[in-house]
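The values are calculated or read from the model by the stated rules, or taken from the named source; none is laboratory data. This one's a predicted model, so the numbers in the text were calculated from it and none came from an experiment. With ideal geometry, Cβ positions are generated from the backbone for all residues, glycine too; neighbour counts draw on all protein chains shown.
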C-alpha cells in the first residue's frame, strides 16, 4: 500500500520574505516603484495632511500610489481588495513595505486626490508603455515606441504619443470612477440603508431638536 507524506491545511507557516527580492527588475511593479521613488514629485501631497503636531502618522503617499496603480494594472479595483492584496500577495507586500494600509485609507486617498493621482498615473503608464511592460495588464495598448532621435526623424511619433496619452488618461479616469463606484457599493453592503455617518448625523439633529423643544420651546 502506498505511503504519502502527512499534510494539514490547519497548520500555520512562517515564510521569510525579503521585500526587495519580490520587486524584480524588468517588471511593471519594479518600474512603478522606481519612478515613484525617483522621478515623481510628491510635495504637493503634503498639503493634504494635518498631522505634523497631532494625530497618528499617515501612510506615505508613495506607498499608496504604488499599490493602487499596480492593483489597477491587474484589474483589482475596490479598496477592500487592494487592502487584501497587501496582506496576501508578496508583490503588494513588497510595494507597501509590509505596511498594510486599510481599505478606508485607500478609499480616502483616491476620493480626495484623484486629480493628482490621474496625472501621476498617466506619466508612469506612458513610461511603462514605452518599455513594453503593459502586455496582459488593464493598460495594454497598441502603439509605437518613442526612439531617442524621434524629434529629428520620427516627428510623426509625437502625434502617436499624444493619442496614447489621451487613451491612458481615459482608461485611468474610467478605473478611478469604477473604484469609487465599487467602494460606494461595498459601503452600502456593509451599512444597508445608507451611510452610517449620515445616520448618526440625522440622529444627532433629531436629538438636538427634541432637546431644544424642552429647554427653549420658542426656538423650535
Enumerate the pairs (first residue in the range 1-24 and without any contact (Cβ under 8 Å) to a residue 40 or more places away in the chain and at positive phi; second residue anywhere and part of a helix (DSSP H, G or I) and surrounded by 10 or more Cβ atoms within 10 Å (Cβ to Cβ)) with beta-carbon separation below 9 Å, excluding pairs fewer than 6 apart on the same chain, so at least 6 apart or on different chains. none
Can you tell me which residues in the range 130-142 are buried (at least 16 other Cβ atoms within 10 Å of the Cβ) and either at pLDDT 90 or above or part of a loop (DSSP other than H, G, I, E, B) (or both)? 133, 134, 137, 138, 139, 141
Hey, could you check the range 15-57 for residues that are assigned to a loop (DSSP other than H, G, I, E, B), more than 20 Å from the chain's Cα centre (by Cα) and closer than 17 Å to residue 91 by Cα and say which is modelled with the lowest pLDDT? 15
